[in-house]
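See below for the structure under consideration.
Just so it is clear, none of the values below were taken in a lab; they were calculated from the coordinates. In this text, all values refer to a predicted model and were calculated from it rather than measured experimentally. Here Cβ is always computed from backbone atoms with ideal geometry, including for glycine, and neighbour counts include all displayed protein chains.
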Amino acid sequence: MSIAKTPSARRENVTRVTDVEGYDLRQYTISEEKKGTAGELSEQLSKETGAFLVAIAKKDEEGGWKILSSPNHDLEVSAGDIVILLGTMINSRR
């Protein structure tokens, strides 16, 4: 499962930590054709970019968002879910 290379995935700079290390928090929306588990996504992101999966946000029944920090590896990731990643500025742009 890849979100960074998917044309329909949207990337948004949620906030930037301005310290010497240059870490960045980014959020991405999972596209229609992507699905899998948080564990699969976390492993792929770590291998490809070195980014760390911080949280997944899922729509709740009232139309709001439920943020699941440090999600279980067996949590299903679906189209429209939002993933929040932590990585260096260089790795976050991949």
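With the simple spin-label model, which puts each label point 7 Å out from Cα in the Cβ direction, the Asp74 to Glu33 separation comes to 3.0 nm. Each peptide among 29-39, 60-70, 76-86 gets the average number of other Cβ atoms lying within 10 Å of its residues, and from highest to lowest they stand as 76-86, 29-39, 60-70.
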